[in-house]
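The block underneath contains the structure these notes are about, expressed in structure tokens.
The values are calculated or read from the model by the stated rules, or taken from the named source; none is laboratory data. Just so we're clear, the structure is a prediction, and the values are computed from it rather than from any experiment. FYI the Cβ positions are ideal-geometry reconstructions off the backbone, even for glycines, and counts take in every protein chain you see.
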Amino acid sequence: MDRLRAEISRADAALQQKQELVTNLTHDFKAPLGAILAHAARLKTELSPEMVAVGGNIAFQAEELLAMVGDLLDRAALDAGTLNVREERFSLAGLVVSVIDALTPGIGDKTLTLEMAMHPDAPRIVTGDKRRVRRVLMNLAGNAIKFADVGEVTIEVAPCEQTGWVRFSVTDDGPGLSEAMLPHLFQRFVPPEATLLPDRLGHGLGLAICKDIIGELGGHIGWSPNIEGRGSKFWFEIPLPEVVSALSDTKAALRAKSVLVIDDNPAFRVLLGEMLRAMGHDVIVCSSGASGLATAREKHFDVAFVDLMLLDASGEDVVLALRAVEPGPAIVLISAADWDNGACSVEKRPDAFLAKPFDATELVAVLATVSGDRNTSG
């Protein structure tokens, strides 16, 4: 009996050492991967369009590696019973946009689009473990992109019947899953694609970790066929209490405005439009400088948000053209890159500049600022 206890003790010690090794190594991996992502982000703002695509691919590959590292860390924590749930406030639309931006370069040459669908009654700001909700969405949407070659991959967010719960779903037009595969979907080391596309096998941890993480967050996860039996729909429901923002009074104090958004990033257009509509504003979004200017000449807008680096025009040139529209809107220039107000001519200067990414607090503040400028000058 003593010998058996000693053998068990040695086995436990070896397992503990193995878990510590995995944890330490994966933590060490995260630092250089984080640096790669940061440098790739800088490349995307400072290079030609061709090199921006290169930077995007670098960032995508680093995100893939970082996701694998995160899977290993979470697997070790789940096995050891030490997974800590971290509560923080975050925007649901902003979370989905960050997932879309991270995964879009992975589409490559496929005739595939990555879309976001926000239910009008979905909460805007919630409290929950943002990092792990993002991990699950990255895994599910990443799988969909891997196996679908055409059509759409859609990330949808909707409220559940149960108050304070949110349902996320990822649908695709891929090959779907066989009946034989369904009982093994969320098992470890059994990639769902094993019976479908053996040349696209993953590490087999993703769905199992998704299931365990959602369980730790107090929710549940599942799969159903997409419409007409084509493709797949993976979904999960978790408690994410809505935050009643202290900005409510400020938002109410701002009169409803007609707002024009000119941005060529589809995900960001949706996000900004959702944020503005949630504040009670009437919003029209345009995907290019040309379409934005045509719209501004046909309809009066109180405020226009213009991206600095549009594909068909400089944001500063669009600002100049909007100045010629009478009566013209207040103009907010938006960009993820740094912008020097003093480096452009007075005619091309906007009424305000807003750096991406921004939250609802900053958006309300800039709207109040340009509204005040317009009111005092008129």
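Looking at segment 168-178, is at least one residue free of Cβ contacts under 8 Å to residues at least 24 places away in the same chain, more than 14 Å from the chain's Cα centre (by Cα) and part of a loop (DSSP other than H, G, I, E, B)?
yes
Working only within segment 304-315, note down all residues that are of a type outside the set (D, E, K, R) and modelled with pLDDT under 95.
Within segment 304-315, Leu308, Met309, Leu310, Leu311, Ala313, Ser314, Gly315 qualify.
If I ask for residues that are part of a strand (DSSP E or B) and under 30 Å from Val157 (Cα atoms), which ones from segment 270-326 would you list?
Asp282, Val283, Ile284, Val285, Cys286, Val303, Ala304, Phe305, Val306, Asp307, Met309
Just wondering, is there one or more residues in segment 128-135 that are closer than 21 Å to Glu216 by Cα, assigned by TED's automatic domain parsing to the domain that holds Ala208 and in a strand (DSSP E or B)?
yes
Being free of Cβ contacts under 8 Å to residues at least 60 places away in the same chain, closer than 25 Å to Pro357 by Cα and in contact with a strand residue (DSSP E or B) (Cβ under 8 Å, 6 or more places away or on another chain) is true for just one of Lys130, Lys110. Which residue is that?
Answer to the check: Lys130.
I'd like the full set of residues that are touching a helix residue (DSSP H, G or I) at 6+ places or on another chain (Cβ under 7 Å) and not in a loop (DSSP other than H, G, I, E, B), limited to segment 113-124. Break it down stepwise before answering.
To start, the set of residues in segment 113-124 that are touching a helix residue (DSSP H, G or I) at 6+ places or on another chain (Cβ under 7 Å) comprises 114, 116, 118, 122-124.
The answer is Leu114, Met116, Met118.
Filter segment 290-324 down to the residues that are closer than 21 Å to Met275 by Cα, among the small types (Gly, Ala, Ser) and within 27 Å of the chain's Cα centre (by Cα) and list them by number.
Answer for segment 290-324, where residues must be closer than 21 Å to Met275 by Cα, among the small types (Gly, Ala, Ser) and within 27 Å of the chain's Cα centre (by Cα): Gly292, Ala304.
Return the only residue of Asp79, Asp71 being part of a helix (DSSP H, G or I), crowded, with 18+ Cβ neighbours inside 10 Å, more than 15 Å from the chain's Cα centre (by Cα) and at pLDDT below 80.
So the residue among Asp79, Asp71 that is part of a helix (DSSP H, G or I), crowded, with 18+ Cβ neighbours inside 10 Å, more than 15 Å from the chain's Cα centre (by Cα) and at pLDDT below 80 is Asp71.
Looking at (1) surrounded by fewer than 17 Cβ atoms within 10 Å (Cβ to Cβ); (2) modelled with pLDDT of 55 or more, which one does Arg200 not meet, given that it meets all the others?
Among (1) surrounded by fewer than 17 Cβ atoms within 10 Å (Cβ to Cβ); (2) modelled with pLDDT of 55 or more, Arg200 violates only (2).
Is segment 168-179 home to any residue that is in contact with a Pro (Cβ under 9 Å, 6 or more places away or on another chain) and modelled with pLDDT of 85 or more? Break it down into steps so the answer makes sense when it comes.
Going through segment 168-179, the residues in contact with a Pro (Cβ under 9 Å, 6 or more places away or on another chain) turn out to be 176-177.
Right, trim to modelled with pLDDT of 85 or more and you get none.
For segment 168-179, residues in contact with a Pro (Cβ under 9 Å, 6 or more places away or on another chain) and modelled with pLDDT of 85 or more: absent.
Given the residues Asp312, Asp307, Asp317, Asp282, which is the only one that is surrounded by fewer than 17 Cβ atoms within 10 Å (Cβ to Cβ) and touching a strand residue (DSSP E or B) at 6+ places or on another chain (Cβ under 7 Å)?
Checking each option against the conditions leaves just Asp282.
For (1) more than 24 Å from Ser232 (Cα to Cα); (2) crowded, with 17+ Cβ neighbours inside 10 Å, each residue gets a yes or a no:
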residue: Pro105; (1), (2): no, yes
residue: Asp109; (1), (2): no, no
residue: Arg124; (1), (2): yes, yes
residue: Val136; (1), (2): no, yes
residue: Ala144; (1), (2): no, yes
residue: Ala148; (1), (2): no, yes
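Being in contact (Cβ under 8 Å) with a residue 40 or more places away in the chain, closer than 18 Å to Leu207 by Cβ and not in a strand (DSSP E or B) is true for just one of Ala144, Ala93, Ala102. Which residue is that?
Ala144
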